[in-house]
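Below is one structure; the comments refer to it alone.
Here, each number is a calculation from the coordinates, and none is a lab measurement. Remember, predicted model here, so these are calculated numbers, not experimental data. Because the Cβ atoms are built from the backbone with ideal geometry, glycine has one as well, and the counts that use them run over all protein chains shown.
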Amino acid sequence: MPAEHDGNGRVLQREAWRWAQQNRHADGDLPSGVAIAQAFARSSRWGRMVKKAGLTGELG
């Protein structure tokens, strides 16, 4: 099984969510989904999904 999967495919998503939390803007806002995606060489859709899942508590 690839390292980015943990049975439900969320290991890389959790890493991206931690990255987003650590790279907040000066005003406290999170980076955009597009910025998250670019940091992980993924699609914009993936980045938006990570941000939404993180904000709803799905990523811990």
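Some observations on this one:
- Relative to the current alpha-carbon distance between residue 32 and residue 15, full extension at 0.36 nm per residue lengthens the span by 4.6 nm.
- The chain - percent relative contact order, Cα under 8 Å, separation 6 or more: 28 percent
- Long-range Cα-Cα pairs in the chain (distance over 13 Å), rounded percent: 57 percent
- Tilt relative to the chain, helix 44-55 - C-alpha long axis, 0 to 90 degrees, to 10: 80 degrees
- A crude spin-label estimate for the pair residue 41 and residue 22, with each label 7 Å from Cα along the Cβ direction, gives 1.8 nm.
- Helix-derived mean residue ellipticity, 222 nm - over the chain, DSSP H n ≥ 4, -39500 (n - 2.57), to 500: -15500 deg cm²/dmol
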